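The values are calculated or read from the model by the stated rules, or taken from the named source; none is laboratory data. Given the structure is predicted, the values throughout are model-derived calculations rather than measurements. Note that each Cβ is placed from the backbone with ideal geometry, even for glycine, and that neighbours are counted across all protein chains shown. Side chains are part of the model used for accessible areas, which takes the heavy atoms of the whole protein and leaves out ligands, DNA and RNA. Shrake-Rupley method; radii C 1.70, N 1.55, O 1.52, S 1.80 Å.
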Amino acid sequence: MIPDGEVNPINTDYQVGQDNVVMKIGPFGLDFHNRVFAISGLAIVAFVLLTLMFQNSAEPMFTGMRNWLTGNLDWFFIIAANIFVILAIVLIFTPLGRVRLGGTEATPDFSYLGWFSMLFAAGMGIGLMFYGVSEPMSHFSTALGGTSMEDGVRTDWAPLGGAGGNEAEAMRLGMAATIFHWALHPWAIYAILALGLALFSFNKGLPLTIRSIFYPILGERVWGWPGHIVDIIAILATLFGLATSLGLGASQAAAGLNFLFDLPKGETTQVLLVIGITAVALMSVLAGLEAGVQRLSQANMLLAALLMLFVIIVGPTVAIFTGFFNNLGAYLVELPALSNPFGREDKNFVTGWTAFYWAWWIAWSPFVGMFIARVSRGRTVREFLISVLIIPSVACVFWMTVFGTAAMDQFLAGAKEIADAELALQLFVMLEGLPWTGITSFIGIILVMVFFITSSDSGSLVIDTISAGGKVEAPVPQRVFWCTFEGLVAIALILGGGLVALQAMAVSAGLPFTIVLLASCFAVVQGLRSEPRVGKTSK
């Protein structure tokens, strides 16, 4: 895409797609990077086949993998996430914030409404539905239960020091811990990678692929095997991060259908849901970005806003609005302690929640980062970072406050079953305590399914762009391949261990890409330093 206004492009002889294999099989055309597509595609096909062939031995393997990674490398994930937050905030306040993505005269391609709708629906949709009630309730109940020791080691899951028997303090601590996982840190992870992709594509003239960010570090070697490895890691991280979300969505949709219509909620139902929704996602993929993803995203965000408004009106309205500011304050107070990577006594909370979340967000970052980059041309770096980092964080705080406060209010009023229900079912148990349960629960199921679709189709577009060497408009059959295998990986993980397997693969895929993302921080700063800034004449 030709820049508008001044930029400082990188001069390279590399042409987008020069290493691609272009062929025609019957009526279908193919145009993919010869090494990246082949290696990542074969690795994913092999993973699906092996997991389905050895289902019985897969679950203990996935359990051990997850426990080792989160138990031994929790400090690494926490330090990395802290670095991303600090860098994003620093860039907002430096002169580098005046760099405009796409050139000094570039204008945005999408309105704020369209931009934010795609950002939320693709970025965290299923997660917000799955954890909106279950995470606040989990942290509240474990904090209320206090701490427990065995052989000098804490065995409880309470965040920080817990709040044994103190309901008000347990609510405060529970919401602070929840917001910690959904506010600044995940959005900073997305923002840094998205900024790098947008900068090196729109301003520097390089292909829209992860390897391009590393040109300041690798130079022309970025088009060789070092770059191939970066893109392969990005594809695997993206696909397994997506599969984790799709698996969560399937389990919650199955739980909701069981709650409403008494349908079985086991593996068979979840697999059928993945197959059905993947088929719908394929149709959305074929419709393209603006016609498919944007329309679905806007419709779903409107539906989610209506459900949230309903909970506010018929739920504990005053507690929700006062709780928003109290929860935000509690989060800021507890942020240093929750972000501390060393000397933590709340080991179960750190390894079981925080380390998993940071690895999951990082695994998601190639997908969400590239998607955000594609729709963010024309924004200044300052506008981009404030929009991607601050505004969604505040929105997530409000969402978690609404659903978490409603659930905890019901619990304190005597509805103890909400804490005992499985995670996937807690949203529907909370809605049962409000009027029009059948309608709102059905809306909840629809929301999960449409978030599932938007994540799958936008993820397919992103993975296809990487595997096609940065070509944004690759042939349709390739997108069909990736969308299909996202569903197949989710099915393989559901059958090979359920939630444990999903979490294990998200963490495993997130680990190597954490290293990639940390290296990209240096490259992004170097790239921004060389760019002309809005309101300043370049030298």
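A few comments on the model shown:
- Enumerated helices (runs of 4 or more DSSP H) restricted to segment 266-376, each holding at least 1 residues that are under 30 Å from residue 106 (Cα atoms) and touching a residue at least 60 places away in the same chain (Cβ under 8 Å): 267-287, 295-314, 356-374
- Yes/no for residue 418 being open to solvent by 20 Å² or more (accessible area, probe 1.4 Å) and either modelled with pLDDT of 90 or more or among the acidic types (Asp, Glu) (or both): no
- If you go through segment 393-411 and keep only what is open to solvent by 60 Å² or more (accessible area, probe 1.4 Å) and at pLDDT 95 or above, you end up with just 409.
- Index of the failed condition, residue 99 passing every other in (1) within 30 Å of residue 307 (Cβ to Cβ); (2) open to solvent by less than 30 Å² (accessible area, probe 1.4 Å); (3) β-branched (Val, Ile, Thr): (1)
- Taken over segment 357-378, the criterion of being open to solvent by 10 Å² or more (accessible area, probe 1.4 Å) and at pLDDT 90 or above is satisfied by 377 alone.
- Within this structure, residue 32 passes the test of being in contact with a Ser or Thr (Cβ under 8 Å, 6 or more places away or on another chain) and not in a helix (DSSP H, G or I).
- Here residue 176 clears all of (1) at pLDDT 95 or above; (2) farther than 25 Å from residue 86 by Cα; (3) of a type in the set (Gly, Ala, Ser) except the condition numbered (2).
- Where a residue in segment 143-163 is farther than 21 Å from residue 334 by Cα and touching a residue at least 60 places away in the same chain (Cβ under 8 Å) and its partner, wherever it lies, is of a type in the set (Ser, Thr, Tyr) and in a loop (DSSP other than H, G, I, E, B), with Cβ under 7 Å and at least six apart: 155/148
- Pick from segment 326-356, criterion in contact with a Lys or Arg (Cβ under 7 Å, 6 or more places away or on another chain) and among the aliphatic types (A, V, I, L, M), ranking: surrounded by the most Cβ atoms within 10 Å (Cβ to Cβ): 350
- Qualifying residue in segment 69-79 (condition: surrounded by fewer than 18 Cβ atoms within 10 Å (Cβ to Cβ), at pLDDT below 95 and in a helix (DSSP H, G or I)): yes
- Residues located in segment 247-265, provided they are open to solvent by 60 Å² or more (accessible area, probe 1.4 Å) and in a helix (DSSP H, G or I): 261
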